[in-house]
Amino acid sequence: MSKERLSPATHPLEQHYLDMTRRRFFGTAAKGIGAGLGGLALASLLGAATPGNPAGFYSGPSPHFRPKAKRVIYMHMEGAPSQLDLYDYKPDLRRRFDQDLPDSIRKGQRLTGMTSGQTRFPVAPSMFRFIKHRNNQDGLWLSELLPHTGSIAHEMALIRSMHTEAINHEPGITFFQTGNQQPGRPSLGSWISYGLGSSNANLPAFVVLITQGLGNMQALAARFWGSGFLPSEHQGCRLRSAGDPVLFLKDPEGVSRADRRKMLDLVGELNEIEAARTLDPEARARIAQYEMAYRMQMSVPDLTDFSSEDQETLDMYGPDVRKPGTFAANCLLARRLAERGVRFIQLYMRGWDQHNNLPGELRAQCGAVDQPQAALIKDLRRRGMLDDTLILWAGEFGRTVYSQGTLTQDNYGRDHHPRCFSIWLAGGGIKPGIAFGETDDFSYNIVKDPIDVHDLHATMLHCLGIDHTKLTFREQGRDFRLTDVFGNVRKELLA
Amino acid sequence: MQALLDVLGRTHPMVLHLPIGLLAGLAAIELLFLRRESADRARGPRILITWLAALSAVVAAVSGYFLGRSGDYDPIILDRHLKLGIAVAVLACLTAFAQYTRSATPRRVLLFLTLASLVPAGHLGATMTHGEDFLLAPLRPKPADTPQPVLTRFAAEVRPILETRCVSCHGPSKAKGGLRLDSPEQIEEGGSSGPILLAGDPSASEIIRRLHLPETDDERMPPPGKNPLTPAQIEILEAWIQDGASFTEPPRDGSPTPIQTSDTTPTPAAPKPMPPAPALAAIATALGHAEPTSRGEPTLFVSFPADAQAIDDARAAELLRPLVPFIADLSLSRTRITDATLPLLAEMPALRKLDLRDTAVTSAGIASLAAAKALEELILVRTKLDPSAIETLAGIASLRRVYLWGAGLDKPTVDSLRERRKDLAIEAGDTLSAEQLAAEDKVTFSSDAPPIESPPAQTGPTDLSTIRPINSVCPVSGAPVKPEYTILYKGKAIGFCCPNCPKGFWEDPDKYLAIIEGKR
C-alpha cells in the first residue's frame, strides 16, 4: 500500500485516484473491462477518510482555528421537558388559569394529533414556585424543581428562544442530532469525531450513555448516534449500564488474551488483503475497530470502576451515583470520559413526555437529573475542565402553555410545542451566567432573539474551533455539512 | 490487454483535436447556409462531417478516460473535464442524428450545445497539461521590481530550480507519482515510492539519482524528451542536500541570485519550523495525543489521556524534550510524573496552559515554573502543595487563571494569594455555587386577568357546529368556504377553504377582514 493511503490529509477523491493507479485498475480489470468498471463504480460509492490538514507535519484532523472547547458533553432530555415549569418564568399567567389561549397568540398554527381535537385550549400556568439565583446579569428565575441547577446559574447560558421545525419526537431528535429531520445524516457527535479525531486511542471518540426515565418514555433509536454517510468508526458507541458496559467485549471463557491477540493478527491480515483488493475503506475501519475493541477490554473496566472516587465527590452527585445507569452515575461517568479525552459524550435522559400528570412526573424527572447535572458542572469547574468542555442541556422541543386533557388546580398535561423552548449551554467558549432570548406572555411565540437548531450547531462547532461551513463530506456528488446551507454562529452567546 | 488500453489512453492528445476541428467546420457550414435552408446543398457533406465528429468525440472521450486513470492529474479538474468530455461525445452523437430531421432548429441547437460543452472541456484539459493560468499568464503584470528579501538558502538557490523545472508536473495541478515539489512540507513528504531526500547524502537521494540516469531510462527526470537540468543546477541541488537539505538555513554569502525565469516567482518566505515527525510518532506510540492547536500552526496540544499511568519522569522527558519549542498546551494529568519533570516544562517557550491535575507535584516542583514566560493557565488540582507555592504563583506575571482545589492549601492561604494577585482568577473549589437571591411563596391561581384581546371570554366549551362563518368566499384564496375551517376574530366567525389559509389571514387580519366586509 502506498504511504498516502494511510494519511488522511488527502482529499477523498484525490485519495481514491491515488489508490486507483493504472496498474491497479488494469489488475482489477484483468477479467474484462466490465468488471473493472464495476469495481470502480462500487469503490466510488464508498467515501473515505477524514478532513485534511494542510500543515504538513500533521496528518490527522484538527481544528480550523484555535478552539475554546476540546470536547462536548450533551445532555439530551428525551421527550421534551416543559420550559414553562422549569426555565421560562411567567408569573402573570397565574392570573389566567383556565382562560382560553387567545387566537391572536396561537395564530392558527398546527397542533399535534393529540390535542388538535380538543374543544378548547385552557391556559395552564406552572404550579411550581420559582427561585431567583445569582448569575452574571440581574439574576435568573428557575423552578423550585431545579434548586441545584440554580446553584450553577452563574455558569449557564440559558436560551429561552430556541425553536425547531419538528413537532414529534423522532423527527425532533433527529433534527437536533443530525441537523435534518429525515433520518440518514451523521449525528453531531459523528461530525465532531470526524472533524477533530480521537485523542484517546483506547476509547471511541463518541460515547453514548442512556438513562431510563421515570415519566412517559418515547423510543430511542440507535440511529440518533449513527454516523450516516461518514466512515463508520465515527458512530457513537453506547456503554450499557447493566452487565458488561460494551456487549461482546469480554473474551469468551477459555480464550486467553494471547489467543485473542493471535486471532486479531490473523483476521487483520485477511482484512488487509481485502482492503488492498477492493479499496473499500470499510475494511480498514473494521481493522481499526477490532484493535480498539481489544484495547477497550482493558480501558473500559478501569473507566467504569468508581472505587477511585472519593466520598465527597460521590456525595456531590447524589445517592443514585452508586446505581449504574442512573443519571447520577452517567454524569460521573461523563466526567471520567471527559478526563480520558473522549471528544463527544452523549447522555440521554428519557421520560420527559408529560402529556398527562405533568406535575408528578416532572417532579420525579427533575429529582433524577437536578443534583447530578449541577454536580457535573461543579466537578468540571473545580478540576479546571469546564473551560475546555462544552456543555449542552436540551430537549427536542418544548411544551404547550395550554393543558392537554383536564386542567385542575394540581394536575395538567402539556402537548408538544416546537415554537419556543428553553435549553442551556455552559463551559468552553460560552458566555457564563446569562439568559438569552424572550418569549411572549404565554411562552408560545418568540419575541426576541430566536435561535434555531442550525444556529446552535454552528455556534457549538465554533466553540470547538470548527468553521461549520468548512467541515464537509462529499457524498452522492455534493459536499454535505452538519448545518446544510443554514446556520449562523451566534456571537451573543460566546465568551 | 493492459498495454493496449495504455496505448489507447495515450492517443487522447492526438484524437481530441479531430472533433474540435470537425465541429468548428460544421459550425462554419451552418453559418454559411444560415439563410438558405431550402437549398441545403450542403446536406451530404454536413452529415459526413457530423458523423466523423461524433465518432472522433467518442474515441476521444474513451481514450481520455483511460489516460485520466493514470492518477497524475488534479482529481477535481480531471473529474470536471471527464464529465464535460462525455457530454461533448453524447451531444455530438445527438447532433449527428438530428441531421436527418426536416427542421434545422434541432440540429443547430444541439450543435450549439456541443460547442458550449467543448470550450470549457478543452480549457480544463489544457489547464491540466499546461498548468493553471497558462493562457493568460503573458497578460499578468510582472511582479514588483524590487526583489523580495531572500531569507533562506532554499528560497535563494533551490526553489527557483524546482519552480522552473519541476513544479509543472509535480505541483498543485498535476502531481505525477504522488509527488509535489511546491512546498517544503510536500518535498519532505516525498512521493508514492517514498521520500526523495536523504539529508547529507545526495547520492542516496531519489531526486538526485533520477537526475543522473541515462536519457533513455524510463525513470529519468525530467522525463525522456524534455530538456535535462544543467550540470550547474544539479550541483546546487546536490550541495544543498549534502549540507543537510534544510528549509530554514539562511542564504549563503555570495550565493547565486535567484534565477528569474518564471513570471510568477512566489515570495520566498522562511518556512515555519515544524515539530519533528519522529517525536510525534513517539507520542502516538505511547498512546499519547498531539495535535496542532489549530490548523497550520506549529504549536501543539499534547496530552496522555489513554494510558496516563505509563508516563513517568523518564518517559515524559523522552517524549517531550524534542517538542519543547512547540508545546503550547500540555496535560500531564493522572500521570506518574514528579517534580523532576517540571524544569523541562519551564523551558517550553510557548507553553500557555499546563494541566498537572492528579499528579505528585509539590511546591518544590512548582518553583521551577517561575521561569515560564508565557504560562497563562495552570491546573494544580489534587497535587501536593504547601503554602510556599503561593510565592511562586504570585510571581508568574503572565498567569491569568489557576486551579487549586484539593491541592493541600487551606482557605486563608488561597485568600492570601487572592489578596496579592487581584488580576488572577483563582478556583479553589470554594466558589462553586451561586446563592439564591429571592424565592416565591405559595403559588395561587386565578382567572382575573383581563383577556388579551376583544374576543369575549368563552366560558365552558363552545359548540362549534352552531357557528356560521360570515363569509362564503375564502378571503385568502378566493375559493368557496368550508365551514369546518372557521376561526374567530374580533368576535366574528371567519371561514376558510382549507386549514392553510388562516396562516395567511393572521399575517394581516384587519386587511382580510376589510376584504370580507367589503364583499358582503
Farthest toward positive dipole pole in chain A [+1 Lys/Arg, -1 Asp/Glu at C-beta], among A:Q212, A:H64, A:I446 | A:H64
Quick calc: nm separation of the 7 Å Cα→Cβ label points for B:F112 and A:S104 -> 5.8 nm
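What does the C-alpha gyration tensor say about the overall shape of chain B? Classify as rounded when a/c is under 1.5, otherwise prolate if a/b is larger than b/c, or oblate. Can you show the working numbers first?
Values: a/c = 3.15, a/b = 1.04, b/c = 3.02.
It comes out oblate by the Cα gyration axes.
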So what does B:I515 come to for accessible area, using a 1.4 Å probe and Å² rounded to 10?
-> 60 Å²
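Helix by helix through chain B, keep the DSSP H runs that span 18 Å or more along the axis on Cα and average at least 1.0 on Kyte-Doolittle, and give those back in order. Working shown, then result.
Details: long enough: B:17-32 (23 Å, 1.76); B:43-68 (37 Å, 1.24); B:75-98 (34 Å, 1.56); B:105-130 (37 Å, 0.70).
Sorted by number, the helices that extend far enough and score high enough are B:17-32, B:43-68, B:75-98.
Is the range B:464-519 rounded, prolate or oblate when judged by the Cα gyration tensor, a ≥ b ≥ c being the square roots of its eigenvalues, rounded requiring a/c under 1.5 and prolate requiring a/b larger than b/c?
Details: a/c = 1.36, a/b = 1.21, b/c = 1.12.
Judged from the Cα gyration tensor, the range B:464-519 comes out rounded (a/c under 1.5).
Rank these by accessible area, largest first, 1.4 Å probe: A:V267, B:V414. Could the numbers behind the result be given before it?
Working: A:V267 40, B:V414 5 Å².
Sorted by accessible area, descending: A:V267, B:V414.
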Restricting the count to DSSP beta bridges whose residues both fall in the protein assembly as shown, what percent are antiparallel, rounded to a multiple of 5?
-> 50 percent
Given charges of +1 on the Cβ of Lys and Arg and -1 on the Cβ of Asp and Glu, with all other atoms neutral, how large is the dipole of the range B:277-427 about its Cα centre, in debye to the nearest 20?
-> 240 debye
Suppose R0 equals 35 Å; then what is the FRET efficiency for B:D201 and B:A310 from their Cβ-Cβ distance, rounded to the nearest 0.05?
-> 0.45
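Report, in debye and to the nearest 20, how large the dipole of the range B:464-519 comes out about its Cα centre when Lys and Arg carry +1 and Asp and Glu carry -1 on their Cβ.
On the way: 7 positive and 5 negative charges, 26 e Å.
About 120 debye.
With the full set of protein chains in place, find how many percent of the accessible area of chain B is carbon and sulfur; take the probe as 1.4 Å. Please list the in-between numbers first.
Details: 15990 of 26570 Å².
Of the solvent-accessible surface of chain B, carbon and sulfur hold 60 percent.
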Heavy-atom accessible surface of the range A:284-418: percent carbon and sulfur, 1.4 Å | 51 percent
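Assuming 0.36 nm per residue, please report the length gained on full extension of the stretch B:R420 to B:I47 beyond their Cα-Cα distance.
124.8 nm
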Please give the solvent-accessible surface of A:H462 in Å², to the nearest 10, using a probe radius of 1.4 Å with every protein chain present.
-> 50 Å²
So, with +1 on the Cβ of K and R and -1 on the Cβ of D and E, and no other charges, what is the size of the charge dipole of the range B:153-242 about its Cα centre, to the nearest 20 debye?
-> 260 debye
May I ask you to rank A:E438, A:E253 by accessible area, largest first, using a 1.4 Å probe over the protein chains only?
-> A:E253, A:E438
B:C497 accessible area, 1.4 Å probe, all protein chains in place, Å² to nearest 10 | 20 Å²
Buried area at the A-B interface (accessible, heavy atoms, 1.4 Å probe, summed, Å²) | 7500 Å²
Given the pairs A:K470/B:K174; A:K250/B:K353; B:K442/B:K503, which span a C-alpha to C-alpha distance of over 31 angstrom in this model?
-> A:K250/B:K353; B:K442/B:K503
By its C-alpha gyration tensor, with a ≥ b ≥ c as the square roots of the eigenvalues, how is the range B:153-242 shaped: rounded for a/c under 1.5, else prolate for a/b larger than b/c, else oblate?
-> rounded
Enumerate the amide H contacts of A:G213 below 5 Å, restricted to partners 5 or more residues apart or on another chain; note that Pro and chain-start residues carry no placed amide H.
-> A:R350, A:G351
Using alpha carbon centroids, what distance separates the range B:54-86 and the range B:112-135, in Å?
-> 12 Å
Give me the angle, in degrees from 0 to 90, between the Cα long axis of helix A:358-382 and the longest principal axis of the Cα atoms of chain A, rounded to the nearest 10.
-> 60 degrees
Filter the trypsin sites (Lys or Arg not before Pro) in the range B:66-127 to those in DSSP coil with at most 13 other Cβ atoms within 10 Å of their Cβ, and list the result.
-> B:R102
Distance from the Cα centre of the range A:129-208 to that of the range A:231-307, in angstrom?
-> 30 Å
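Using heavy-atom solvent-accessible surface (probe 1.4 Å) with all chains present, what is the largest-first order of A:H355, B:H130?
On the way: A:H355 15, B:H130 105 Å².
Largest accessible area first, the list is B:H130, A:H355.
If I take R0 = 41 Å and measure r between the Cβ atoms of A:T469 and B:D441 in this structure, what FRET efficiency does the formula 1/(1 + (r/R0)^6) give, to the nearest 0.05?
Working: r = 51 Å, r/R0 = 1.23.
Calculated value: 0.20.
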Against the longest principal axis of chain A, how steep is helix A:453-463, in degrees 0 to 90 to the nearest 10, with axes from Cα atoms?
-> 60 degrees
Name the residues of the range B:299-325 whose accessible area falls by at least 40 Å² when all protein chains are present instead of the chain alone, probe 1.4 Å?
-> B:P305, B:A306
Which one of B:G25, B:G9, B:L118 has its Cα pushed farthest toward the positive end of the charge dipole of chain B, where Lys and Arg give +1 and Asp and Glu give -1 at the Cβ?
-> B:G25
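Taking the Cβ-Cβ separation of A:D251 and B:E347 as r and a Förster radius of 41 Å, what is the calculated FRET efficiency to the nearest 0.05?
Working: r = 45 Å, r/R0 = 1.10.
E(calc), rounded to 0.05, equals 0.35.
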Relative to the first principal axis of the alpha-carbon coordinates of chain A, what is the inclination of helix A:33-45, with its axis defined by its Cα atoms, in degrees from 0 to 90 and to the nearest 10?
-> 30 degrees
All aspartates and glutamates inside 18 Å of B:K373 as judged from Cα atoms, apart from same-chain residues fewer than 8 positions distant = B:D329, B:E347, B:D355, B:E391, B:D423
Solvent-accessible area per residue, Å², over the protein assembly as shown with all protein chains present [probe radius 1.4 Å] | 44 Å²
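The values are calculated or read from the model by the stated rules, or taken from the named source; none is laboratory data. These figures come from a predicted structure and were not determined experimentally. Quick reminder, even Gly has a Cβ in these numbers, built from the backbone with ideal geometry, and neighbours come from all protein chains shown. Note: areas computed on protein heavy atoms with side chains; ligands, DNA, RNA excluded. Shrake-Rupley method; radii C 1.70, N 1.55, O 1.52, S 1.80 Å.
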